[in-house]
Structure formats: structure tokens, C-alpha cells
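Down below is the structure, laid out as C-alpha cells.
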Amino acid sequence: MNEKRKIAFCTLGCKLNFSETSMLARKFLENDFVRVPSNQIADVYVVNTCSVTENADKKCRQLLRKLIKQAPQAIIVATGCYAQLKPNELAAIEGIDIIVGVDQKGNIFEYVNSITEKKTAKIFSCEINETNSFFKAFSLGDRTRSFLKIQDGCDYNCSYCTIPMARGKSRNIPVAEICKEAKIIADSGVKEIIITGVNTGDFGKTTGESFFDLLKNLEKIDGIERYRISSIEPNLLTDEIIEFVKESRKFLPHFHIPLQSGCDKILALMRRRYNTKFFAQRIKHIFKLIPDAFIGIDVIVGFPTETDEDFNTTYTFLEEINPAFIHIFPYSDRANTVTWAMEGKIANNIKAERANKLKILCETLHRSFYKLNIGKKAKVLFENTRHGEMMSGFSENYVKVEIPYIKEFTGKITDVEITGIAENGNATGKLIW
């Protein structure tokens with residue numbers, strides 16, 4: 001009997017990549033491969049790359065070189081956004097065998113099987129005009145939650161962003177097909193789905209449907225008890241959606257909304273589709289309807305021409321809108337974007353200083369949000385990861401709560417009272433029997 005070939009997967013970047021990697025892995029496992037950790041010797045390594053910043057590109061190259069050194073005879077596959085944007089750069093790394101663009105991700109198994117010996121890297125479908133198909137994806141294997149891809153690509157063309165070049169135009173499959181995938185996830189025993197996409201709120205362009213249509217239909221899927229919307233543009237977060245979340249039995253009071261700058265001058269240069277007044281109104285409406293909602297914000301610091309005054313305007317704006325968390329990204333130059341040729345680039349040390357100021361603000365806001373939840377009852381979905389004698393999970397509004405480890409509660413939604421904040425920053429809780 002032939003020994004099964006070993007394959008390892010490495011995923012960098014966003015939740016969308018994680019959902020796609022899980023889908024790729026299942027195809028290999030269904031065809032007599034066995035999955036091993038990436039730090040072990042394997043016959044095949046598949047790296048799903050990210051290219052959101054120059055640092056992301058660097059991490060991809062470092063990881064690929066590490067795998068090539070670790071297992072020189074293995075077949076090395078690079079896919080994802082970096083592979084789509086810079087295939088020739090990857091092909092120059094000796095030891096990479098297959099480079100696959102977004103449009104051909106679903107054929108990676110066939111490409112691997114076609115390799116009989118290691119030669120010059122083969123590049124498949126890395127032209128942007130080829131990026132039109134939709135690779136269905138959802139993650140399985142985690143008893144707690146699943147990432148479900150509902151949309152791909154983006155038509156927004158923000159001045160600093162390469163995603164439209166890497167992922168193509170906004171597109172999706174019909175609501176009915178996504179609901180079938182949600183049912184498969186439910187049948188696997190998973191209780192929570194995180195809805196993912198490049199621009200989730202733009203769902204429906206290719207099928208004549210809407211994101212709101214999708215939410216209403218997902219609500220009806222038996223077996224799934226909780227949904228989170230991973231990220232949604234502020235101009236697509238309508239009153240209708242906010243009100244639906246307020247009344248929903250399953251969609252949780254958790255909003256991840258990219259701001260990028262709290263300064264209108266910078267927002268205009270970024271080519272964002274809103275101003276700070278509009279953004280603040282969205283946040284105010286959420287808090288009016290759902291006072292204990294968790295709101296996470298994305299912010300880019302050090303955008304070209306951003307002055308100290310501009311940054312301070314952003315800082316003050318963030319204090320005013322009072323989010324629970326800030327995801328901070330120092331600006332990174334990306335080739336072929338509008339900002340690539342802009343003057344007024346900000347020095348790295350200034351970007352680092354501004355990022356650190358926002359990090360301190362984030363820690364203050366996050367702790368304040370947790371304090372507001374002390375004494376409240378919550379439903380927590382506990383994860384199967386054990387940390388010493390403790391286990392943890394997230395409440396409906398994304399408070400990470402820990403309790404003493406009880407095996408029977410892993411993967412289950414449990415009633416808890418939030419009692420305080422531990423030294424590690426997590427909330428502490430006690431079970432409500």
C-alpha cells in the first residue's frame with residue numbers, strides 16, 4: 001500500500017485567505033494526501049500569500065525561502081495576492097515550482113499532480129484581466145467558528161490600494177449557493193460563521209441581489225447560532241443593516257468598519273467614499289440602537305502629506321467616536337497605485353511614532369469597553385484551546401472572557417457573568433448555572 005504524500009499549508013494575511021486555504025486543503029485530503037504542520041518535512045508546501053504592505057511581501061519571501069531550505073526536494077506552490085501581483089519576483093526565487101494567480105486557485109491540486117520533477121517555476125493565470133472567476137471557500141476543522149467567503153474583488157480603487165489589481169472586480173455567487181455552504185458548515189457542528197470578503201457590503205453586483213438579502217437568508221439556516229460580519233465599508237453599512245442586527249437572533253453586535261483617516265483632507269487624497277461627518281453619524285446610529293456594540297476601526301498612519309496637525313485631527317476624532325478597538329497600519333508604498341508617485345512621503349520613524357500613539361489610545365479604549373461590560377451577563381462561545389488552567393471565548397459583543405477550564409464547554413455557547421479584567425487583559429467570568 002502506497003504511503004500518503006504529505007502536504008503543508010501556510011496562510012498569510014486576511015480571513016479570506018484562511019477560508020480559501022481551508023478549501024484547498026480539503027481537496028488534497030480527499031485525494032490521498034495527509035496534512036502536516038509547516039515546520040515538518042512535507043512533499044508539498046502551499047503558501048497563500050498576502051501583499052497588503054511591503055512588509056507582507058517580505059514575510060512571504062522569507063517564509064518561502066525557509067520552506068525551500070527545510071525541504072529542498074518538496075514541491076513549493078505560491079498563490080494569493082503577492083503571487084498575483086508579482087509572479088516574476090517570486091519566479092526569481094530558486095526552488096519555487098508553481099505560482100498560481102487568483103483565477104486558478106481551484107486548480108492547484110491538478111498543477112501539483114502534473115509536476116514530475118523540479119524545474120523552472122511555472123506561472124498560471126497572473127494577468128489581472130484573467131481574474132474574473134469566483135473561487136468558493138469556507139473553512140472547516142475548527143469546532144468553534146468558520147470563515148465563509150461571500151464576495152471577492154473590489155471596484156473602489158482607493159489611491160493607496162492594490163487589492164483591485166490582486167483580486168479583480170467585485171463579484172459573488174448567488175445567495176442560494178452561499179446558504180448551501182452555510183448549511184454544510186452547520187452540519188459539521190460549527191456554531192459561528194464569520195462572513196468574509198474583500199468588500200462584503202458590495203455583495204450582489206453580479207447576481208442582482210444585495211448584502212441585506214444575504215443576511216436575511218443566512219438568518220434562516222438551522223444549526224448556525226451566531227454570525228459576525230468581518231468588515232464592511234461605512235457607506236455600505238446602511239440603517240437597514242444596523243436595525244436588522246439589532247433585532248436579529250443570530251447576527252452579533254460586532255462591527256468592523258474601516259475609517260483609514262479621521263482627517264477629511266487625507267480621506268479625499270485616499271479616494272475614500274465618505275467624510276468624517278458621515279462616518280461619525282454611522283457610529284452614532286449604531287450606539288443609539290445597540291449601546292453595547294463592539295466597534296473596531298481600521299486606521300492608516302503616515303499617509304503621504306499627513307502633517308502632525310492632520311494626525312492630531314485623526315487622534316481627536318477617534319477619541320470622539322469611542323471605538324472599542326483600533327487596527328493600526330503604517331502607510332506602505334505599493335507599486336502602480338496613485339500614491340506610489342505622490343510627493344510628501346512620511347519618514348518611517350514618524351509613522352512608527354504616530355502608530356505607537358494610536359496603540360496607546362487603543363489600549364485605553366479597549367480596556368474602557370471591557371470595564372463597561374463588568375457585571376453584565378453574556379453568552380460566550382468557548383474555544384477548544386486551553387491556556388494553563390483557563391479556557392476562553394468571545395461574548396456576543398466580542399469581549400474575550402476566560403474561566404477555569406471545563407472540557408465539556410469547549411465549542412459550546414455558555415451563559416456567563418463578566419466579573420472583572422485579568423492581568424492579561426481578558427475579561428474574567430463566572431458561569432451562570
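With the condition kept exactly as written, say whether any residue in the range 172-187 is of a type in the set (Lys, Arg) and surrounded by 20 or more Cβ atoms within 10 Å (Cβ to Cβ).
No, the range 172-187 contains no residue that is of a type in the set (Lys, Arg) and surrounded by 20 or more Cβ atoms within 10 Å (Cβ to Cβ).
Among the strands (runs of 3 or more DSSP E) lying completely within the range 1-111, list those that include at least 2 residues that are touching a residue at least 40 places away in the same chain (Cβ under 8 Å), under 28 Å from Glu181 (Cβ atoms) and of a type in the set (Asp, Glu).
Numbers: elements: 5-11, 33-35, 44-49, 75-80, 98-100.
Filter on the range 1-111 gives an empty set.
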Next on the checklist: Can you go through Leu269, Leu214 and tell me which one is within 20 Å of the chain's Cα centre (by Cα) and not polar (S, T, N, Q)?
Outcome noted: Leu214
Checklist entry - Which is in the same structural domain as Asp57 (by TED's automatic domain parsing) and either of a type in the set (Phe, Trp, Tyr) or buried (at least 17 other Cβ atoms within 10 Å of the Cβ) (or both), of Phe135, Phe203, Phe124, Phe211? => result Phe124
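State all residues of the range 383-411 that are without any contact (Cβ under 8 Å) to a residue 40 or more places away in the chain and either in the same structural domain as Leu252 (by TED's automatic domain parsing) or over 22 Å from Glu363 (Cβ atoms) (or both); if no residue qualifies, say none. Step through it out loud before you land on a result.
Of the residues in the range 383-411, the ones without any contact (Cβ under 8 Å) to a residue 40 or more places away in the chain are 385-392, 394-395, 400-409.
Answer for the range 383-411, where residues must be without any contact (Cβ under 8 Å) to a residue 40 or more places away in the chain and either in the same structural domain as Leu252 (by TED's automatic domain parsing) or over 22 Å from Glu363 (Cβ atoms) (or both): Thr385, Arg386, Gly388, Glu389, Met391, Ile403, Pro404, Tyr405, Ile406, Lys407, Glu408, Phe409.
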Item to check | Ile185 part of a helix (DSSP H, G or I), assigned by TED's automatic domain parsing to the domain that holds Pro234, touching a Ser or Thr at 6+ places or on another chain (Cβ under 9 Å) and of a type in the set (A, V, I, L, M) | outcome: yes
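Can you tell me which residue in the range 310-363 is surrounded by the most Cβ atoms within 10 Å (Cβ to Cβ), limited to those that are outside any helix (DSSP H, G or I) and of a type in the set (Phe, Trp, Tyr)? Can you show your working first?
Let us first name the residues in the range 310-363 that are outside any helix (DSSP H, G or I), namely 322-337, 342-347.
This time we only want the ones that are of a type in the set (Phe, Trp, Tyr), so: 325, 329, 331.
Working: Phe325: 17, Phe329: 17, Tyr331: 22.
My answer is Tyr331.
Test Ile108 against the stated conditions and say whether it is β-branched (Val, Ile, Thr) and farther than 17 Å from Asn17 by Cβ. Can you show your working first?
Numbers: β-branched (Val, Ile, Thr): yes; farther than 17 Å from Asn17 by Cβ: no.
No; evaluated as a whole, the condition is false for this residue.
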Checklist entry - If we keep just the residues of the range 408-433 that are outside any strand (DSSP E or B) and polar (S, T, N, Q), which is nearest to Arg145 (Cα to Cα)? => result Thr410
Checklist entry - Looking at the range 368-407, which of its residues are in a strand (DSSP E or B), surrounded by 20 or more Cβ atoms within 10 Å (Cβ to Cβ) and hydroxyl-bearing (Ser, Thr, Tyr)? => result Ser392
Checklist entry - Can you find even one residue in the range 328-347 that is outside the structural domain of Glu417 (by TED's automatic domain parsing), polar (S, T, N, Q), free of Cβ contacts under 8 Å to residues at least 24 places away in the same chain and more than 30 Å from Val190 (Cβ to Cβ)? => result no
Checklist outcome for this item: Pairing a residue in the range 141-164 that is more than 24 Å from Asp103 (Cβ to Cβ) with any residue that is surrounded by 20 or more Cβ atoms within 10 Å (Cβ to Cβ) and acidic (Asp, Glu), where Cβ atoms lie under 7 Å and the two sit 6 or more apart in sequence or on different chains, gives Thr144/Glu192; Arg145/Glu192
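The values are calculated or read from the model by the stated rules, or taken from the named source; none is laboratory data. Keep in mind it's a predicted model, so treat the numbers as computed, not measured. Using ideal geometry, Cβ is built from the backbone for each residue, glycine included, and neighbour counts are taken over all protein chains shown.
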